[in-house]
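Some notes on the structure that comes next.
The values are calculated or read from the model by the stated rules, or taken from the named source; none is laboratory data. Since this is a predicted model, take the numbers as computed values, not measurements. Glycine gets a Cβ as well: all are built from the backbone with ideal geometry, and neighbour counts include every protein chain shown.
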Amino acid sequence: MAEDQKRCAELEQVVAIAAAAGDRILEVYERDFQVDSKADGSPLTEADTAANHLIVERLATMVPRRPLLSEEEKLVEYSERAGWHRFWLVDPLDGTREFTRRNGEFTVNIALIEDGRPLLGVVYVPVSGITYLACHGVGAFKQDADGTRRRIQVRHYDGGRATVVASRSHPGAELDGFLTRLRAREGEYETTSLGSSLKICLVAEGSADIYPRLGPTSEWDTAAAQCVLEVAGGRLTDLEGRTLSYNKESLLNPWFLASGGGSYDWTSIMSGGD
């Protein structure tokens, strides 16, 4: 319990760092900016870089000082990070495609990982000023731009009409197949499309039942929101029901299902079983 309290004492500092990074992002968002491409073809803007610099600098001032892995930093070889017990995992601007489209659906993601598990997570939405935050031992919360904070929890689903969250930028045939099987099993469903880690947060706050991500993501895309979801009572698992873990040799996530509470077996939708 004492260790939880010590760890969660850092939560408010991380909330402030994420908000400050969001301010840096908005400085770029509100004017013309250039969009470059990374080696993998994904977009990169000066907002990604500015937010990353701020987060890296401020996390480095926290005590104890921990290693950091960020999408926008030089990749740390597995031979070095394999020995990391606790470290920061950061996506300074999750949803760069949404940023370039100016639809507001992008976030700042900061997570504290311990032995492969996200124990503290902050997801900040710069355009709305909303923060999703959680720490094991304290709870999961949604904070409005005015600072009002309320505890959040997932809703339970045991069958019937479901609300499904879909990726705005990465739909595909696999998702279509999932929805077809869901309709055959449970009848009509509702869908909503969003960008970035907001999709996982929508499940965490009880506004949706399931987010199937049937495409590539990296560890920094999901860690902070996974913490929020788990503390709120939900699960983020691979298609065989295994909880996602972090600091793997490959930083790519498997396809996953972010789900709320209840007894429903979402993995059976993927297999087509009963």
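With surrounded by fewer than 22 Cβ atoms within 10 Å (Cβ to Cβ) and at negative phi as the only criterion, which of TYR211, TYR189 stands out?
TYR189
Residue-wise test of (1) buried (at least 18 other Cβ atoms within 10 Å of the Cβ); (2) more than 13 Å from SER196 (Cα to Cα); (3) over 15 Å from the mean Cα position of the chain (by Cα).
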residue: LEU89; (1), (2), (3): yes, yes, no
residue: LEU93; (1), (2), (3): yes, no, no
residue: PHE99; (1), (2), (3): yes, no, yes
residue: ASN109; (1), (2), (3): yes, no, no
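Which of the residues that make up region 104-127 are among the small types (Gly, Ala, Ser) and either under 16 Å from SER70 (Cβ atoms) or in a strand (DSSP E or B) (or both)?
Those that are among the small types (Gly, Ala, Ser) and either under 16 Å from SER70 (Cβ atoms) or in a strand (DSSP E or B) (or both): ALA111, GLY121.
Give me a count of the residues in region 1-48 that are part of a helix (DSSP H, G or I), touching a residue at least 40 places away in the same chain (Cβ under 8 Å) and either among the β-branched types (Val, Ile, Thr) or surrounded by 12 or more Cβ atoms within 10 Å (Cβ to Cβ) (or both).
Count: 18.
Sort through SER207, SER196 and tell me the only one that's touching a residue at least 60 places away in the same chain (Cβ under 8 Å) and either outside the structural domain of ARG31 (by TED's automatic domain parsing) or not in a strand (DSSP E or B) (or both).
The match here is SER196.
Considering only residues of region 172-193 that are in a loop (DSSP other than H, G, I, E, B) and modelled with pLDDT of 95 or more, which is nearest to ALA223 (Cα to Cα)?
Filtering region 172-193 for residues that are in a loop (DSSP other than H, G, I, E, B) and modelled with pLDDT of 95 or more, the one nearest to ALA223 (Cα to Cα) comes out as TYR189.
Considering only region 228-251, state which residues are over 14 Å from the mean Cα position of the chain (by Cα) and not in a loop (DSSP other than H, G, I, E, B). Give the derivation first.
Initial filter on region 228-251 (over 14 Å from the mean Cα position of the chain (by Cα)): 233, 238-243, 247-251.
Answer for region 228-251, where residues must be over 14 Å from the mean Cα position of the chain (by Cα) and not in a loop (DSSP other than H, G, I, E, B): ASP238, THR243.
Find all pairs meeting these conditions: Cβ atoms under 7 angstrom apart; at least six residues apart or on different chains; first residue within region 60-88 and under 14 Å from ILE17 (Cβ atoms) and at pLDDT 95 or above; second residue among the aromatic types (Phe, Trp, Tyr) and surrounded by 11 or more Cβ atoms within 10 Å (Cβ to Cβ).
ARG66/PHE87; ARG66/TRP88; LEU68/PHE87; LEU68/TRP88; SER70/TRP220
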